[in-house]
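Asker: One structure, as structure tokens, below. Some questions next.
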Amino acid sequence: MPAPTDTTPYDVDAVRADFPILSREVYGRPLVYLDNAATTQKPRCVVEAMVNEYYSVNANVHRGVHFLSQQATELHEQARERVRAFIGARSAAEIVFTRGTTESLNLVATSLGETLLHEGDEVILTVMEHHSDIVPWQMLRERKGIVIKVVPMDDSGALRLDAYERLFTPRTRLVCAAHVSNVLGTVNPVRHMADVAHAHGALFLADGAQSVPHFRVDVGELGCDFLTFSGHKVYGPTGIGVLYGREDLLDRMPPYQGGGEMIAHVTFEKTTYEGLPYKFEAGTPDYVASHALAVALDYVDRLGMDRIAAHERRLTRYAMERLGAIKGMKLYGTTDNKDAVVAFNVGDIHPLDLGTLLDRLGIAIRTGHHCAQPLMQRCGVEGMARASFALYNTRAEVDALAEGIERVRKMF
Ligand code: PMP
């Protein structure tokens, strides 16, 4: 991905006014919210869309002949179309609503695992995967005896592409890689990785949990067969996520869960399934959340993804400079193509102490293993502190973080 170059003025103060929570205080200090890789705050339009739908539309989707049910269904299906356009999928049938990235990954591991993967087949992951892209594959390994291989990285946090290519064998069926690491911020070269996978006859899944919120992601340009992401990390509500899958693949995959909504016809002898994408959406979907996610995507598009990306890249570069100048600072993830996440340790200060003391200054960061324990092992640490940025963060907040870290450092 080329670095975004959009330099049109970006009025971050106006943007912040759209997010009521950002004007609150914690411990009597202005909130500095730098935990956006965990979840983002919601603009007023997203919360209002949910309130309005519950107040004036609410009815279960797909099954009702009555007015409200049809209106709710329309909003839900328009949301699917909105997601399709946002990630450049060819058909709305390729957009499966899930609870989030974790469920999307479990769906693929379970359903694809059922059909495509057999004992001895190989799945390639990367050393920087989130646990949600490791554990489902290990569970499948328990069930079916698949083999998991891991792409290593260098000390800057870049994947070793030479080693990647050497991992392929005639048994390689699938590669799953984070598009952006939730710890290092590394933007992985997924187009290249997908091309290599395809050249070896393997499929490619990109975990877009940390890319879709930050820059334009187009599944056609990426060349991926699957893409996963979570609504709550892209200014939408919790409880809604997306699995994009190539239609011909989803078509061949069996249902993930059984129940209402996903069937065509049921008898005690035999059940036939609905077509795509409903085959994968058993039970009442979170139709209020899907609509609110579409509103969030509209909001992002109104601001302009390229302008958001440019703003966040500037902020990330500034944070790397400011934090890099602090005595005893160790920054993790120093590649050029780095996005919106800065992970670090300072001297011998335990990241939990650092996070707790910064919190008393009103600064919210995350500390610990960030659901990436194998990556922590690779870096030789038990945990890290992590600041992560969103479209509403400012240079002044980066300054507050740097000054806060200095204050804490002097206490030790
Ligand atoms: N993958 C990555 C790269 C992530 O950053 C996260 C969330 N931290 C997940 C997967 C899991 O997302 P969720 O908890 O929303 O399912």
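The values are calculated or read from the model by the stated rules, or taken from the named source; none is laboratory data. In this text, all values refer to a predicted model and were calculated from it rather than measured experimentally. FYI the Cβ positions are ideal-geometry reconstructions off the backbone, even for glycines, and counts take in every protein chain you see. Heavy atoms of the whole protein, side chains included, go into the accessibility calculation; ligands, DNA and RNA do not. Shrake-Rupley method; radii C 1.70, N 1.55, O 1.52, S 1.80 Å.
Asker: Sticking with the crude label model, points 7 Å out along Cα→Cβ, report the distance from Glu165 to Glu321 in nm, one decimal please.
Answerer: Placing both labels 7 Å beyond Cα along the Cβ direction yields 3.7 nm.
Asker: Please report the base-10 log of the normalised intensity I(q)/I(0) for the range 17-138, using a Debye sum with one equal scatterer per alpha carbon and no solvent, at each q in 0.12, 0.14, 0.15 (1/Å).
Answerer: Result of the Debye calculation: -0.77, -0.95, -1.03.
Asker: Just to be sure I understand: if I project the alpha-carbon convex hull of the range 140-274 onto a plane and average over all orientations, what area do I get in nm²?
Answerer: Values: hull surface 43.5 nm².
Over all viewing directions, the range 140-274 projects a mean Cα-hull area of 10.9 nm².
Asker: Which percent, to the nearest 5, of DSSP beta bridges fully inside the chain are antiparallel?
Answerer: Details: 28 of 47 bridges.
Around 60 percent of the beta bridges assigned by DSSP in the chain are antiparallel ones.
Asker: Which of Ser230, Thr394, Val288 sits closest to the plus end of the dipole of the chain, meaning its Cα is farthest towards the positive end, when Lys and Arg get +1 and Asp and Glu get -1 on the C-beta?
Answerer: Thr394
Asker: Determine the dipole magnitude for the chain: charges of +1 sit on the beta-carbon of Lys and Arg, -1 on that of Asp and Glu, nothing else is charged, the reference point is the Cα centre, and the result goes in debye to the nearest 20. Don't jump to the answer; show the numbers that get you there.
Answerer: Numbers: 43 positive and 52 negative charges, 167 e Å.
It comes to approximately 800 debye.
Asker: Largest first and in whole Å, what are the equivalent-ellipsoid semi-axes of the range 210-365 based on the Cα gyration tensor, each being the root of 5 times an eigenvalue? Spell out each step's value before the answer.
Answerer: Details: eigenvalues 341, 70, 50 Å².
In descending order the semi-axes read 41, 19, 16 Å.
Asker: Okay, next question. Could you quote the convex hull projected area for the range 78-210, Cα atoms only and averaged over all directions, in nm²?
Answerer: Working: hull surface 33.0 nm².
Taking a quarter of the hull surface, the average projection is 8.2 nm².
Asker: Report, to one decimal in Å, the Kirkwood hydrodynamic radius for the range 299-396 based on all distinct Cα pairs. Mind dumping the intermediate values first?
Answerer: Values: mean 1/r = 0.0692 Å⁻¹.
The Cα-based Kirkwood calculation yields 14.5 Å.
Asker: While we're looking at this one, here's another question. Can you give the direction-averaged projected area of the convex hull of the alpha-carbon atoms in the range 1-83, in nm²?
Answerer: Details: hull surface 36.8 nm².
So the Cα hull casts an average projection of 9.2 nm².
Asker: Which whole-percent values make up P(r) of the chain when all C-alpha to C-alpha distances are grouped in 10 Å steps starting at zero?
Answerer: Histogram of Cα-Cα distances, whole percents per bin: 5, 22, 30, 25, 14, 4, 0, 0.
Asker: For the range 281-342, just the Cα set please: Rg and Dmax, both in angstrom.
Answerer: 17.8, 54
Asker: Let me ask something else. When only the heavy atoms of the protein chains count and the probe is 1.4 Å, how do Tyr33, Tyr235, Tyr278, Tyr273 rank by accessible area, highest first?
Answerer: Tyr273, Tyr278, Tyr33, Tyr235
Asker: Would you tell me the accessible area of Arg322, worked out with a 1.4 angstrom probe on the heavy atoms of the protein chains, in Å² to the nearest 10?
Answerer: Rounded to the nearest 10, that gives 80 Å².
Asker: Separate question: In the chain, once you exclude exposed GluC sites (Glu not before Pro) (DSSP loop, at most 14 other Cβ within 10 angstrom), what's the longest stretch remaining? Working shown, then result.
Answerer: Details: sites that count: Glu119, Glu269, Glu382.
After excluding every exposed loop site, the longest remaining stretch is 120-268.
Asker: Please give every one of the lysines within straight-line cross-link reach of Lys330, meaning a C-alpha to C-alpha distance under 23 Å, and leave out same-chain neighbours fewer than 8 residues apart.
Answerer: Lys338, Lys410
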